[in-house]
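Remarks on the structure that follows.
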Amino acid sequence: MRNSITLSDLITKIGEEQFINVVNEYIDKDDDPEIIDQKQLETIRSGFRHGGYEALYYLLTNGYIMQDYMMFRSIFHEGAISVNDNDYIKAVGRLTNCESVNNSFTLDDEK
């Protein structure tokens, strides 16, 4: 049953107005200082107020951003990021619990 409807189709079915409501609810719930600080949260909110909703809706409904992002990553070659950083990125894509990922993996460059 997994992926029985694409993310693009789902977002299209709920429509832009409901999509914006869902995004706002998600952002409002994201107030855990262990994950994001208030300055970062306000930066995200500001970006959405200045065209971010429309841009994200467009990218999602046209299939430019998909739920299977990890499928589209190329073969890893160490250089721009380390092996540890790459493992962390892959883990975030697989795991839903940020605390679990943060406790299990380390970043070499936290920038």
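Please treat every number below as a calculation from the coordinates, not as lab data. For clarity, every value in this text was computed on a predicted model and none was experimentally measured. For neighbour counting, all protein chains shown are included, and Cβ atoms are generated from backbone atoms with ideal geometry for every residue, glycine included.
Can you compute the FRET efficiency between His77 and Leu7 using 1/(1 + (r/R0)^6), with r the Cβ-Cβ distance and R0 = 25 Å? Round to the nearest 0.05. Before the final figure, lay out the partial values.
Numbers: r = 28 Å, r/R0 = 1.14.
For R0 = 25 Å, the calculated efficiency reads 0.30.
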One finds, for Ser100 and Ala55 with R0 = 35 angstrom and r their Cβ-Cβ distance, a FRET efficiency to the nearest 0.05 of 0.70
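Quick one: Tyr57, Tyr26, fewest Cβ neighbours within 10 Å first, how do they rank?
Values: Tyr57 18, Tyr26 9.
The most exposed by this proxy come first: Tyr26, Tyr57.
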Listing Thr106, Thr61, Thr12 by rising number of other beta-carbon atoms within 10 angstrom, fewest first, gives Thr106, Thr12, Thr61
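Could you please rank Ser8, Ser100, Ser82, placing first whichever residue has the fewest other Cβ atoms within 10 Å of its Cβ?
On the way: Ser8 17, Ser100 11, Ser82 14.
Starting with the residue having the fewest Cβ neighbours, the order is Ser100, Ser82, Ser8.
Taking a temperature of 10 °C and a viscosity of 1.306 mPa s, what whole-number D in µm²/s does Stokes-Einstein yield for the range 7-61 with Rh from Kirkwood over alpha carbon pairs? Can you show the working numbers first?
Values: Rh = 11.9 Å.
Answer from the Stokes-Einstein relation: 134 µm²/s.
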